[in-house]
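Since the structure comes first, as structure tokens, the remarks are kept for the end.
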Amino acid sequence: MQAVFILLMPLLWVDPIASLPTLRKARNFAGTSCRLPTRCPGRTRTNAKDGEIGRRRTLASMLPWVAARRAQARELQNWDKLTRQERFDATVKAFERGDYDGVKSMCERLVEEDSTLGYAWSLLGTAELILGSRNLTMSGSPTDGEQYLLVRAVRHFDMATSIVGKDAITTNNKANALGLLGDWDGAIRGYEEAFQTSLDTRMKDFEVIPMMNKALALFEIQKDKEAEQQLHLTSRRHPDYEDAYAALAAIQYGTGKKFQAADTFDKLCELDYGLCEAYSNINIVLGRWPKRAIRSYKEFLESYLKDRKQPALI
């Protein structure tokens, strides 16, 4: 599923503390990220100098494991000296640097000290969701340890909801966990609820995520016609959302509509050349989409790029 969606990551996981302008970055369910400037969604082709700058930034942004552990140790060592806001800030910083084990430890301490902190329960569930899915592959299933984390994530998302009420992001993340656990019907209900909640709370920038996830979940359980209809609706409401075109191409190809799939992918390429290049590589959906969608997209790319005599970046 990271082989979850949008995760399958897509099942899209979303950082509950992220501001709406950062949701596109957050939607990579298991933390998959672009490495080269020419492969990142929304970026156009860059020159050699830009590429070198990008590589340097990538290296500079890779926090060594030892440094992350040391930072976590310092934060936990000084925990009793921190105010509640400082503890929350430390947890957010750990999340931002990708230290999800640290986030899990700090959130567990936060809810142990005050079980009414809804944001802490939600962030704890998100960390467990990521930890429980980040090692999944296109054909893999959760291990016992990963299933344990995903079950805990569902429970902690429910705790957050019971304290602060319905929240579109928390509901979407819970649905992601359910999908990873194989409860696709429950996941679909969750995505529908997350979409409705985003409408009720006027989260226009977020609503596309549960819409997209629902389509991927429908395709995973062989409801192909409904999945395609859902993606057509998604692309009409959000015509600049590149993932919807890629997923629609995958579903159309998987249901024998080869030429329609190619036309759909061409529409994605019309959005931005950088997007076309990025989505010509299967890696952009690995760890974000469910297994069936990934397989179909891989087969589509092989056919599409072969017809255009381009090397498949897969």
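The values are calculated or read from the model by the stated rules, or taken from the named source; none is laboratory data. Computed from a predicted model, the values in this text were never measured in an experiment. A quick note on method: Cβ atoms are made from the backbone with ideal geometry, for glycine too, and the neighbour counts reach across all protein chains shown. Side chains included, ligands, DNA and RNA excluded: accessible areas come from the protein's heavy atoms. Shrake-Rupley method; radii C 1.70, N 1.55, O 1.52, S 1.80 Å.
Summary of computed values
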read-out	value
Point-to-point label distance, residue 272-residue 302, nm (Cα→Cβ direction, 7 Å offset)	3.0
Gain on full stretching of the segment that runs from residue 163 to residue 79 - 0.36 nm per residue minus C-alpha separation	27.8 nm
Chain lengthening between residue 263 and residue 226 when straightened (0.36 nm per residue, less Cα-Cα)	11.3 nm
Euclidean distance between Cα centres, the range 225-244 to the range 139-200, Å	22
The range 101-203: C-alpha gyration tensor shape, a/c 1.5 cut-off, then a/b vs b/c	oblate
Percent carbon-and-sulfur accessible area, the range 180-223, ignoring ligands, DNA and RNA, probe 1.4 Å	44
Nearby lysines by direct alpha-carbon distance to residue 166 (threshold 26 angstrom, same-chain neighbours under 8 apart not counted)	25, 93, 104, 174, 204, 214
Virtual spin-label span in nm between residue 183 and residue 144, 7 Å along Cα→Cβ	2.1
Projected label distance in nm at residue 255 and residue 86, using a 7 Å step from Cα toward the beta-carbon	5.7
Surface share of carbon and sulfur [accessible, 1.4 angstrom probe, percent] for the range 81-141	46
